[in-house]
Amino acid sequence: MGKFHDRMDRELRIRGCADGTRLLYLSRVRRLVRHFMRPPDQLTLEDINEFQLHLTRTGELAWSTFNGYVCAIRFFYKEVLHLDWDIRHIPYQKTATQLPVVLSGGEICALLAATSNLKHRAIFMTLYGAGLRSAEARSLRVADIDSQRMVVRVVQGKRRKDRYVMLSKQLLASLREYWRETRPGSTLLFPGASPGCPLAPKSVARPLLRASRRAGITKEVHPHTLRHTFATHLLERGVNIRVIQRLLGHKSLRSTEIYTHVAGSYLQDTQSPLDDLLPVSACRQSERD
């Protein structure tokens, strides 16, 4: 992309985009350019639509990834090249509603019991006990754990927002045990292999997957699964959904409301109309007949 890469990178940095977002946008526009092997300012809307069709042909691209390409391409042509295109002609795909995978309380206990490494156990407990995103947990500093007020400070989470979450007594005990035994010698709570750098994402995801398999959990478990489980378990315990929204750092309540679809209390406390039409006694009689 040459000069276009630098111009796009500049615009993304000016807007304060996160490094991950910036690199992803650049790589997606780079793929567009490679597809046609022509400078991007020579492409037309028809070319863009042809590229979108190309992305859908294998059927392997998730709608969310496809829409990520659309975001990057729209940004490039509107904010970098300043073309007066009607970007509605670069359409998004219809979004799908995907319910999160949630673990039961027993599965959480089994997962932690199957984790012998103190560091891994501490970070898993942090993800679940405080409902943090993986990046937020990996970026925690020792100073962010306030044992006097029993809170955890999340510094510059998603959308560069700070927030506080509760500090569980069990989590505090686990963090202290981990710290006494390992003495990382860093301001970071969970330092990575390189001095001053946090753990890599895979250094959390892979041990978590291995621990879930040892625990006999057949569900697909990722670090974000523990955050989903935190929110769902709070909802099942009757915590106000607005409080959960604040704890998770959600901008919109709509993001939090998805947990009402998986919370057992909402599902089990709602009786099916079938039970009114066909009492249990009638069903048993039918089985005997």
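The values are calculated or read from the model by the stated rules, or taken from the named source; none is laboratory data. Not measured: the values here are computed from a predicted model. Every residue, glycine among them, receives a Cβ derived from its backbone with ideal geometry; neighbour counts consider all protein chains shown. We work out accessible area using only protein heavy atoms, side chains counted, and drop any ligands, DNA or RNA first. Shrake-Rupley method; radii C 1.70, N 1.55, O 1.52, S 1.80 Å.
Hey, for a label at Trp63 modelled as a point 7 Å past Cα toward Cβ, could you say which residues of region 80-117 have their backbone N under 13 Å away?
Of the residues in region 80-117, 92-99 have backbone N under 13 Å from the label point off Trp63.
Once phi is turned into ³J(HN,Hα) by the Karplus curve 6.51 cos²θ - 1.76 cosθ + 1.60 with θ = phi - 60°, what whole-Hz value does each residue of region 206-211 show in order, with x for glycine and proline?
Using θ = phi - 60°, the values come out as 5, x, 5, 5, 5, 5 Hz.
Using the alpha-carbon atoms, what tilt in degrees (0 to 90, nearest 10) does helix 63-75 show relative to the longest principal axis of the chain?
Tilt of helix 63-75: around 40 degrees.
Given labels modelled 7 Å from the Cα in the Cβ direction, how far is it in nm from Ser265 to Leu99?
The answer from the label model is 1.8 nm.
Please give, to one decimal in nm, the separation of the simple spin-label points placed at Glu46 and Val142, each 7 Å out from Cα toward the Cβ.
Modelled inter-label distance: 6.5 nm.
Measure nothing fancy, just the Cα-based angle from helix 118-130's long axis to the longest principal axis of the chain, in degrees from 0 to 90, nearest 10.
The angle comes out near 90 degrees.
In Å², what does the accessible area per residue of the chain work out to with a 1.4 Å probe? Can you show the working numbers first?
Numbers: 17100 Å² over 289 residues.
Per residue, the chain has 59 Å² of solvent-accessible surface.
Towards the positive end of the charge dipole of the chain, with charges on Cβ (+1 Lys, Arg; -1 Asp, Glu), say which of Leu118, Leu12, Gly131 has the farthest Cα.
So the residue we want is Leu118.
Calculate, for Leu253 and Met166, the FRET efficiency according to 1/(1 + (r/R0)^6) with r their C-beta to C-beta distance and R0 22 Å; round to the nearest 0.05. Walk me through the numbers on the way to the answer.
Values: r = 20 Å, r/R0 = 0.90.
Once rounded, the FRET efficiency stands at 0.65.
Using a 1.4 Å probe and ignoring any ligands, DNA or RNA, find the accessible area of Ser186 and quote it in Å² to the nearest 10.
We get 30 Å² for Ser186.
Keeping every protein chain in place, order Tyr259, Tyr128, Tyr92 by accessible area at 1.4 Å, biggest value first, i.e. largest first. If you can, show how the numbers build up before the last one.
On the way: Tyr259 10, Tyr128 55, Tyr92 105 Å².
My answer, sorted largest first, is Tyr92, Tyr128, Tyr259.
Please state the shape class of the chain: rounded when a/c is under 1.5, otherwise prolate if a/b exceeds b/c and oblate if not, all from the C-alpha gyration tensor. Present the calculation step by step, with values, prior to reporting the outcome.
Values: a/c = 2.23, a/b = 1.27, b/c = 1.75.
Cα axes put the chain in the oblate bin.
Select from Ser64, Ser212, Ser272 the residue whose mean-square fluctuation is largest in a Gaussian network model of the chain (Cα-Cα springs shorter than 10 Å).
Ranking Ser64, Ser212, Ser272 by mean-square fluctuation puts Ser272 first.
Placing +1 at every Lys and Arg Cβ and -1 at every Asp and Glu Cβ, with all other atoms neutral, what dipole size does the chain have around its Cα centre, in debye to the nearest 20?
In debye, rounded to 20, the chain gives about 1220.
Can you run phi through the Karplus equation (6.51, -1.76, 1.60; θ = phi - 60°) for region 79-94 and list ³J(HN,Hα) in whole Hz, with x for Gly and Pro?
Result, ordered by residue: 9, 9, 8, 6, 7, 8, 5, 7, 5, 5, 7, 10, x, 7, 7, 4 Hz.
Treat each spin label as a single point 7 Å out from the Cα along the C-beta direction, and report the Ile14 to Ile87 distance in nm.
Placing both labels 7 Å beyond Cα along the Cβ direction yields 1.4 nm.
Scan around Arg141 for amide H atoms under 5 Å from its own, H built in the peptide plane at 1.01 Å from N, and keep only partners 5 or more places away or cross-chain.
Close amide H contacts, sequence-distant or interchain: Leu189.
What shape does region 125-187 take by its C-alpha gyration tensor, where a ≥ b ≥ c are the square roots of the eigenvalues and a/c under 1.5 counts as rounded, a/b above b/c as prolate, and the rest as oblate?
On the way: a/c = 1.75, a/b = 1.40, b/c = 1.24.
It comes out prolate by the Cα gyration axes.
Could you name the lysines in cross-link range of Lys169, using Cα to Cα under 18 Å and dropping any fewer than eight places away on the same chain?
Lys119
Expressed as a whole percentage, what fraction of the accessible surface of the chain belongs to carbon and sulfur atoms when a 1.4 Å probe is rolled over the protein heavy atoms?
Details: 8780 of 17100 Å².
C and S atoms contribute 51 percent here.
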